[in-house]
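Contents: one structure, followed by commentary.
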Amino acid sequence: MAKELLMSEIDPGASNFTLKQLRYFVVVAGCDTVTKAAEILNISQPSISAALAHLEAEFNSQLFFRKSARGLTLTPAGRQLYEEARRLLAHVSAFQEIADGISSGEYGKLEMGCILTIAPMLMAPLASALNKSTPGLKVRCHELDVGALQAGLRDGRLEVAITYNLDLDDDIEFHPFTALPPYVIVPKWHPLVGSKQVSLSELQGEPLIILDLPYTHDYIQMIFHNLDISPNIAHRSMSSGTIRSMVANGLGYAILNARPRHRRSQDNKEYAELDLNDGIKPLELGFAFMKSRQLTRSAQVMTREVISLCESVLGTGVILPEQSKNF
């Protein structure tokens, strides 16, 4: 199938379809509706429907099962074409980047994503480092939760994402570069301040301020479940900055993984950090991208800069498994 697709681009007489039509097809398959695909691609629904109809006629195969409310599901033939089309489009994108770099002398651009809780600590130092090391590389970062990062990788809006290993789907490849164990933050006057390590059982009954992001909320709840502790959830927030401020103002304690280099909230109040001795497995932070896509030169430059910033920005050393050494 891949060979046939490539030949159709070399020999216009072999098949009459375009890379644009294939991209429309891949985006629709990734989000299951023409309506959502039209929003992502910023084109009209009739244009997408026409492209799909053209491909089905060209390949003489039904590519989607049509459901109610404009929902679509890939047929077996559609699934085969989808996998090959993604690989082809990835190669075309990499080829275009190389061609652009040759003609302009620049690296090009990179659309990347970063999990919300890490972005405030990492994005500015990363942009500064890239400006110095690779001034021709243009990087645009999207701050999203784990689910939205996966969706962005799948529909092609993102090439690579920095995220945790939380419920990643099978079509996502994940390369960890550091481990971030959970820890507790408490008001600076808390009676446990000064302890080298504590257990969550020592905080049982105290008000918990929970980071209420998709996947992260479930991760924190799982910690308590595994320790057979019922948390007393008093406040919720989708911002780690807000949580640090609430703790510093004495509203409760919180469980976090990423550690800023300072221990002050945004309203300039101090809080304390406590290490946990409950044997909780650390979260791994790493790079995620589609298994069907090879990282471009721009993405590889970015990943190397992130790894070099681990100690200075995230306060942790690099832990590179064998499969991550290519970065």
* Find all pairs meeting these conditions: Cβ atoms under 6 angstrom apart; at least six residues apart or on different chains; first residue within the stretch 280-297 and of a type in the set (S, T, N, Q); second residue open to solvent by 10 Å² or more (accessible area, probe 1.4 Å) and at pLDDT below 90. => Ser292/Arg86; Ser292/Arg87; Thr296/Ala94; Thr296/Glu97
* Output the qualifying pairs, or none if there are none: Cβ atoms under 6 angstrom, residues six or more apart or on different chains, first residue in the stretch 226-247 and touching a residue at least 12 places away in the same chain (Cβ under 8 Å) and part of a helix (DSSP H, G or I), second residue open to solvent by less than 50 Å² (accessible area, probe 1.4 Å) and of a type in the set (Val, Ile, Thr). => Ser240/Thr117; Ile243/Ile209; Met246/Ile209; Val247/Ile185
* Asked: Which residues, counting only those in the stretch 23-36, are without any contact (Cβ under 8 Å) to a residue 24 or more places away in the chain and open to solvent by less than 60 Å² (accessible area, probe 1.4 Å)?
  -> none
* Asked: List, please: which pairs have Cβ atoms under 6 Å, are six or more places apart or on different chains, and start with a residue in the stretch 167-196 that is under 25 Å from Cys310 (Cα atoms) and end with one that is among the charged types (D, E, K, R)?
  -> Glu173/Lys291; Pro176/Glu284; Ala179/Glu284; Tyr183/Glu273; Tyr183/Asp275; Ile185/Glu273
* Name the one entry in Ala179, Ala129 that is small (Gly, Ala, Ser), open to solvent by 10 Å² or more (accessible area, probe 1.4 Å) and within 17 Å of the chain's Cα centre (by Cα). => Ala179
* Asked: Within the bounds of the stretch 208-223, is there any residue that is acidic (Asp, Glu), in contact with a Lys or Arg (Cβ under 7 Å, 6 or more places away or on another chain) and under 20 Å from Met121 (Cα atoms)?
  -> yes
* When residues of the stretch 238-252 are limited to those that are within 27 Å of the chain's Cα centre (by Cα) and open to solvent by 40 Å² or more (accessible area, probe 1.4 Å), the one modelled with the highest pLDDT -> Thr242
* Could you say whether any residue in the stretch 96-115 is assigned to a helix (DSSP H, G or I), at pLDDT below 85 and touching a Lys or Arg at 6+ places or on another chain (Cβ under 7 Å)? -> yes
* Only listed residue being modelled with pLDDT of 80 or more, closer than 24 Å to Glu143 by Cα and either open to solvent by 40 Å² or more (accessible area, probe 1.4 Å) or of a type in the set (A, V, I, L, M) (or both), chosen from Ala124, Ala77 -> Ala124
* To do: Could you grab me the full set of residues in the stretch 46-72 that are of a type in the set (S, T, N, Q) and open to solvent by 60 Å² or more (accessible area, probe 1.4 Å)?
  => Asn60, Gln62, Ser68
* Structure fact -> Of the residues in the stretch 13-22 that are in contact with an Asp or Glu (Cβ under 7 Å, 6 or more places away or on another chain) and open to solvent by 20 Å² or more (accessible area, probe 1.4 Å), the one that is modelled with the lowest pLDDT is Ser15
* **Answer from Pro282, Pro231 - the residue that is under 19 Å from the mean Cα position of the chain (by Cα) and at pLDDT 90 or above** => Pro282
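When you scan the stretch 197-230, how many residues do you find that are of a type in the set (Asp, Glu) and either farther than 28 Å from Cys310 by Cβ or open to solvent by less than 10 Å² (accessible area, probe 1.4 Å) (or both)?
Matching residues across the stretch 197-230 total 3.
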* Just a yes or no: is a residue in the stretch 215-227 closer than 16 Å to Ile118 by Cβ and among the aliphatic types (A, V, I, L, M)? -> no
* Where residues in the stretch 313-327 are open to solvent by 70 Å² or more (accessible area, probe 1.4 Å) and assigned to a helix (DSSP H, G or I), which of them is modelled with the lowest pLDDT? -> Gln323
* Counted residues, the stretch 52-65 - those being in a helix (DSSP H, G or I) and over 22 Å from Gly152 (Cα atoms) -> 7
* Asked: Of all residues in the stretch 140-165, which are in contact with an Asp or Glu (Cβ under 8 Å, 6 or more places away or on another chain), outside any helix (DSSP H, G or I) and of a type in the set (A, V, I, L, M, F, W, C)?
  -> Leu158
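The values are calculated or read from the model by the stated rules, or taken from the named source; none is laboratory data. From a predicted model like this one, the values you see are computed outputs, not experimental measurements. Reconstructed Cβ throughout: ideal geometry from the backbone, glycine too, with neighbour counts over all protein chains shown. What goes into the accessible areas is simple: the full protein's heavy atoms, side chains included, and nothing from ligands, DNA or RNA. Shrake-Rupley method; radii C 1.70, N 1.55, O 1.52, S 1.80 Å.
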